[in-house]
Every structure is written in C-alpha cells, then in structure tokens.
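Contents: one structure, followed by commentary.
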Amino acid sequence: MKKTKRMNAALFLICLVLMISGCERGQTAKVQEDNTEHAETSTESSETKEEHAETAIPETETAYFSLEEEPSDIPEVFMDVLKQYLQIPVGTNLYSDMYWEKVTQGDWKDVYEYLGGAENICYSLSDLTNDGFPELIMGSYTDADAGHLEGEKVFQVQGSVWENSYVWIYVVYYYNGSEVKQVCECEGNRIELYENGIIHYSGGGVSQPMQYLQFQTDTENYETGAYIELKIENGEVTGYLKAVGDDYVEITEDEYHQIVEQYTTSPVELKWTVLK
C-alpha cells in the first residue's frame, strides 16, 4: 500500500515537472515567436519605407537660365539686368503675391514682368538712340515657320533650338548715364526696330493699326510720331485714317504709304543671342 502511494507521488512529481517544463518551453516559444514576428514586422516596415523612399518624387533643383560665360561686350549696367532674369525659374508667375514685391521694388525690379520666367529668352545690343551707348533689347524666340507672318523678318538666333527663328521683341532698356530705364514694353503686339530710334508697333484687328514711335532724348522715352490704320466698312477697305490728337482724319492711300515709307526706310539689323 505504502509502495503504491510512493509510486503515485513519484508519478505526480514527474507530471508536475513535465507540466512546468512544458509551460516554460511554451512561454519561450511564444517569446521567440513574438520576437520573430516583431523582427519580420520591422523588416517589412523597413522595406516598406525603402520602397516608399524609392517611389517618392525626388526634390529637383530649380532650373535656371545661366550664361555659360559673361560676354565682354555687354555693359555692366545691362549685365545686372540680365542676371535678374537669370535668377527667375522658368514658368514663374511674377504676378503672384509671392513675387510681386520683388518685381516692383526688390531684387527683380528691372525685370519686365511679361517676359520674366519665360522660355526661349534672347537678347541683343544696338545703339538705337545714336548716343554712342547701346540699348539692351530683349525678346523671346520661336520657330519661324510657326511664329512669323508673311513678309516679316526672320532672325538667326545664336544658340536657339531652331535654325530659323522669329523673335518677339518685348522690352527695350535705355541707360541715361545714371540709371537703366524700360523705354518700350510690348505684351503681344509686334515690334520692329528702325534707324534713328524708330519703333514700328503693329496691333491686331481688322483695321491693322500701326503706330510709329521715335525716341526723344528730352523725355527719355518713345513718343508717337504717327498713328495710322485702315478704314473698314462691311469687311472692305474703304479708306485710310491718321490720328491727329484725339481724333482721326481721313488721308489718301498715297499719304498712308508715304508715312509707312518715312518711318521704315532703314531697318535695324540685330544679332540675337539666347540667354541660357
């Protein structure tokens, strides 16, 4: 009897030991499993981060125009103007609140806002006012086949992507010895330059208005010398008009053509260079 009790007690102890050992192994396995899951989760999280890092849109450096080397023939006062254009990223909206103060009174005060941030900017130097100091003319070039009208001049633009380019002139800079001034701005009408400081300013519309401006040293600006247009009735040319003060007077066809010839006898030959 006693022997049976001892055997039962021994079996109970063995079972108890096995149970305790099993629990410990279970807890260890659970900890190992948890650690493994945590490691896998961490690895997955790390891989996910790496994957997101690879697919995230990278920050790109802002593309600026840049002169490959400063040309020696550009006066320093105009080089300062060109450098202002170079600071502006392509596509920048200068009319936005973010930049408007810089354009009107800040770092970009000499930039013509219609041209600032544009693509295909080019420049030329020419003494339009016959004072011995060149003017800086700036514009934007385009493919001549797509951009010019019949009879318009096609310029070779050094560094452009097209062999033949048409240049839209947007602004002329004049230096009076103490400051640089914008003396002619254009927002879409076409400008052609002629000797003796003459600008042919042609607008759109059926009447084909044409304004001839000539530089005046006393005002340091371009003043209107003549303004003419066609008289149109029912889609047909019925006469020719010239502005006199605030009114229009009718002139003959010969007078009309004489005015055109008077102001456009000697076109200015310009050499354009892309502002990179």
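A243 passes every criterion in (1) part of a helix (DSSP H, G or I); (2) modelled with pLDDT of 95 or more apart from (1). Yes or no: segment 255-271 includes at least one residue that is closer than 30 Å to I121 by Cβ and part of a strand (DSSP E or B). Yes.
Taking V103, is it at pLDDT 90 or above, farther than 19 Å from W168 by Cα and surrounded by 14 or more Cβ atoms within 10 Å (Cβ to Cβ)?
On the way: at pLDDT 90 or above: no; farther than 19 Å from W168 by Cα: yes; surrounded by 14 or more Cβ atoms within 10 Å (Cβ to Cβ): yes.
Taking the combined requirement at face value, the residue does not satisfy it.
Among the residues of segment 213-238, those identified as in a strand (DSSP E or B) and among the charged types (D, E, K, R) are E223, E229, K231, E233, E236.
The set of residues in segment 232-276 being in contact with an Asp or Glu (Cβ under 7 Å, 6 or more places away or on another chain) and more than 20 Å from L193 (Cα to Cα) consists of G239, Y240, L241, K276.
Residue count for segment 170-221, restricted to those that are modelled with pLDDT of 90 or more, buried (at least 19 other Cβ atoms within 10 Å of the Cβ), among the aliphatic types (A, V, I, L, M) and under 16 Å from Y112 (Cα atoms): 2. For segment 246-260, state whether one or more residues are surrounded by 13 or more Cβ atoms within 10 Å (Cβ to Cβ) and under 29 Å from N176 (Cβ atoms). Taking every residue of segment 246-260 in turn, none turns out to be surrounded by 13 or more Cβ atoms within 10 Å (Cβ to Cβ) and under 29 Å from N176 (Cβ atoms).
The values are calculated or read from the model by the stated rules, or taken from the named source; none is laboratory data. Since this is a predicted model, take the numbers as computed values, not measurements. Every residue, glycine among them, receives a Cβ derived from its backbone with ideal geometry; neighbour counts consider all protein chains shown.
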